[in-house]
Amino acid sequence: MFTPLEGKSVIVTGASKGIGRGIARRFGEAGLQVLVVSRNLGEAEQVAGEIGANASAFAADVTSPEACEAMAACALERHGRIDVLCANAGIFPAAKLGAMTAADFDHVIGTNLKGTFLSVSAVLPAMKARKQGRIVLTSSITGPITGYPGWAHYGASKAGQLGFLKTASMELARYNTTINAVMPGNIVTEGLEGLGQAYLDTMAASIPLKRLGAVEDIGNAALFFASDEAGYITGQQIIVDGGQTLPESLEAIAGI
Ligand code: NAP
């Protein structure tokens, strides 16, 4: 039995859709006060409405230090504290090397990696002051473990998040603040569903558990890292991929 997190405060970036929406909903179900963040206020408000009275929306672009600071100030004003940050906002436009421009590279690194740094930096004063905090990053299997044509910049940003968290976890330890990462495999989101049932079936066949992940699978892992019971875990990452990264060959997956 886990200690209830009811009444605590969480900021979820990139929460207007996909995995962030799943994380925000899971934390909302657990009774936390949820700040649903994305650039589009209307979509964030819709998700906050789905969660209920313990959730509200805020528009912030995580590439902007000022916007991240305003996001933290908003959580403090509305919730009186910041217990948890889920730094989840991310983009994944594809471009193969040769076609990928410096601007493409900067855009992906600026959102996924620098955006993580800026979001974490913004909540730190509040966590340091109370000597209490939990930070959960959404990384990926793509980059740290696997590759996918078109996503060299994306993979670098996701691996970069894990490099960031190793040192960050050491620096934050004295403030009783932990930082960990969830590494999702293929998770069913609105974007993935748009690729059609045939694509989804092929993807599922390559996964030992024979299904794509649900956003709730990532929400559950994030909630675990935020729990009191995970208080002695920091600087770590957990792969949530149904075993997708385990088969060493097509032969291996065909044999199960
Ligand atoms: P998604 O459905 O496209 O949602 C992305 C979210 O991030 C949206 O809420 C979007 O809202 C927000 N966002 C994008 N740029 C932002 C910015 N500059 N500032 C603030 N918010 C921003 O994506 P997803 O698939 O759920 O992915 C979420 C995270 O999971 C990403 O970090 C991604 O790398 C990771 N991930 C996803 C999968 C997967 O299978 N889906 C697998 C591994 C890892 P606005 O556009 O309104 O800002």
Could you work out the relative contact order of region 95-230? I mean the mean sequence separation of Cα pairs under 8 Å and 6+ apart, divided by the number of residues, in percent.
25 percent
On a 0 to 90 degree scale, rounded to 10, what angle separates helix 215-226 from the longest Cα axis of the chain?
50 degrees
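At 0.36 nm per residue, minus the direct Cα-Cα distance, what do Ile233 and Arg174 gain on full extension? Give it in nm, one decimal, please. Walk me through the intermediate numbers first.
Working: separation 59, 0.36 × 59 = 21.24 nm, distance 1.38 nm.
Stretched out fully, the Ile233 to Arg174 stretch lengthens by 19.9 nm.
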Simple spin-label model, 7 Å along Cα-to-Cβ: Ser121 to Glu77 in nm?
2.2 nm
To the nearest 10 degrees, how steep is helix 65-79 against the longest Cα principal axis of the chain, on a 0 to 90 scale?
60 degrees
Computed over region 194-256, Cα set: Rg, Dmax in Å:
15.0, 43
Along its three principal axes, how long is the chain when you only count alpha carbons? Whole Å, largest extent first please.
53, 46, 37
Enumerate the amide H contacts of Ile11 below 5 Å, restricted to partners 5 or more residues apart or on another chain; note that Pro and chain-start residues carry no placed amide H.
Leu35, Val84, Leu85, Cys86
Keeping all protein chains in the complex and leaving out DNA, RNA and ligands, what accessible area do you get for Ile256 with a 1.4 Å probe, in Å² to the nearest 10?
120 Å²
By how many degrees, 0 to 90 and rounded to 10, does the Cα axis of helix 152-173 deviate from the longest principal axis of the chain?
40 degrees
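For an R0 of 45 angstrom, estimate the FRET efficiency from the Cβ-Cβ distance between Ala70 and Ala99 and round to the nearest 0.05. Kindly include the intermediate steps, with their values, before the conclusion.
Values: r = 36 Å, r/R0 = 0.79.
The value I calculate is 0.80.
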HN-Hα couplings for region 197-211 via Karplus (6.51, -1.76, 1.60; θ = phi - 60°), in whole Hz with x for Gly/Pro, come out as 5, 4, 4, 4, 5, 4, 4, 4, 5, 8, 10, x, 7, 6, 8
For a label point 7 Å along the Cα-to-beta-carbon line of Leu192, residues of region 3-32 with backbone N under 17 Å:
15-26
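The values are calculated or read from the model by the stated rules, or taken from the named source; none is laboratory data. This one's a predicted model, so the numbers in the text were calculated from it and none came from an experiment. For neighbour counting, all protein chains shown are included, and Cβ atoms are generated from backbone atoms with ideal geometry for every residue, glycine included. Heads up: the accessible areas ignore ligands, DNA and RNA and are worked out on the full protein's heavy atoms, side chains in. Shrake-Rupley method; radii C 1.70, N 1.55, O 1.52, S 1.80 Å.
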